[in-house]
1. Return the pairs, sorted by first residue and then second, in which the second residue is assigned to a loop (DSSP other than H, G, I, E, B) and not aromatic (Phe, Trp, Tyr), the first residue lies in the range 103-132 and is without any contact (Cβ under 8 Å) to a residue 60 or more places away in the chain and surrounded by 10 or more Cβ atoms within 10 Å (Cβ to Cβ), the beta carbons are less than 7 Å apart, and the residues are 6+ apart or on different chains.
2. Any residue that is more than 20 Å from PHE27 (Cβ to Cβ), assigned to a helix (DSSP H, G or I) and under 16 Å from the mean Cα position of the chain (by Cα) - is there at least one of those in the range 80-90?
3. Given the criterion exposed (fewer than 15 other Cβ atoms within 10 Å of the Cβ), closer than 17 Å to SER106 by Cα and out of contact with any helix residue (DSSP H, G or I) (no Cβ under 7 Å at 6 or more places or on another chain), identify the matching residue among SER44, SER32, SER53.
4. Working only within the range 91-121, note down all residues that are under 22 Å from ILE69 (Cβ atoms) and in a loop (DSSP other than H, G, I, E, B).
5. Please go through (1) surrounded by 12 or more Cβ atoms within 10 Å (Cβ to Cβ); (2) assigned to a helix (DSSP H, G or I) for CYS60 and return the number of the only condition it doesn't satisfy.
6. Exactly one condition in (1) modelled with pLDDT of 95 or more; (2) out of contact with any His (no Cβ under 7 Å at 6 or more places or on another chain); (3) surrounded by 11 or more Cβ atoms within 10 Å (Cβ to Cβ) is not met by PRO84; state its number.
7. Taking the criterion of being aromatic (Phe, Trp, Tyr) and modelled with pLDDT under 95, would at least one residue in the range 10-18 satisfy it?
8. As an exercise: evaluate ASP71 against (1) outside any helix (DSSP H, G or I); (2) under 17 Å from the mean Cα position of the chain (by Cα); (3) of a type in the set (Asp, Glu) and give the number of the one condition it does not meet.
Amino acid sequence: MELKDGTLFYKECTKAIIECDTSKHHFLYELSDGSRKYISFPASNNTPTLSYSNGTPIKCICSMAPKTIIDFHYKSGNDDLTLPWIKRALRDMVTHAKSIADIVYSNHHESLTVDDMLSRIKYPNFSIESIEKNQTYMRKLFQSFKG
């Protein structure tokens, strides 16, 4: 299992979206030194949790599952605007997902209220409907953290 340069996440996801290739699940990790690393696994496999040698989990900041690849493939179209659309969508998805990962992996998320956690999530270029759906889902997830 080799972690590759994080910029490959964007390249490989773009290729998968254009070709509607759902054979892999793509992941972007952020290491403790701030560098980003990419890895993919066959979509049919269970995804392993990556950890440092001391057992601390490596921070997964974004993943692109086959369902998302299909969704982005059909939304991106097939014209001159396809690549710019994919680039923006991936950038926005990573920004959103990283804001959630920053909360989940923080050492003090236990001290935050659910509303505090929700207020830290970024929603670049999301529709109001998408934000509301996501916040409903995230509220349930964050409440499960609280027991």
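1. Between residues of the range 103-132 that are without any contact (Cβ under 8 Å) to a residue 60 or more places away in the chain and surrounded by 10 or more Cβ atoms within 10 Å (Cβ to Cβ) and residues that are assigned to a loop (DSSP other than H, G, I, E, B) and not aromatic (Phe, Trp, Tyr), the close pairs are ILE103/ARG120.
2. Within the range 80-90, the first condition is being more than 20 Å from PHE27 (Cβ to Cβ), and the residues that meet it are 80-85, 88.
From what is left, the residues that are assigned to a helix (DSSP H, G or I) are 82-85, 88.
Next cut, under 16 Å from the mean Cα position of the chain (by Cα) only: 88.
Yes: one or more hits.
3. Details: SER44 fails: closer than 17 Å to SER106 by Cα; SER53 fails: closer than 17 Å to SER106 by Cα.
Criteria check complete, one pass: SER32.
4. Answer for the range 91-121, where residues must be under 22 Å from ILE69 (Cβ atoms) and in a loop (DSSP other than H, G, I, E, B): there is none.
5. Just one mismatch for CYS60, condition (2).
6. Status for PRO84: all satisfied but (3).
7. Taking the range 10-18 and keeping what is aromatic (Phe, Trp, Tyr), we get 10.
When the remaining residues are screened for being modelled with pLDDT under 95, the result is none.
Scanning the range 10-18, I find no residue that is aromatic (Phe, Trp, Tyr) and modelled with pLDDT under 95, so the answer is no.
8. Going through the list (1) outside any helix (DSSP H, G or I); (2) under 17 Å from the mean Cα position of the chain (by Cα); (3) of a type in the set (Asp, Glu), ASP71 breaks only (1).
The values are calculated or read from the model by the stated rules, or taken from the named source; none is laboratory data. Small disclaimer: the values here were computed from a predicted structure and weren't measured. Cβ coordinates were reconstructed from backbone atoms using ideal geometry, including for glycine residues, and neighbour counts include every protein chain displayed.
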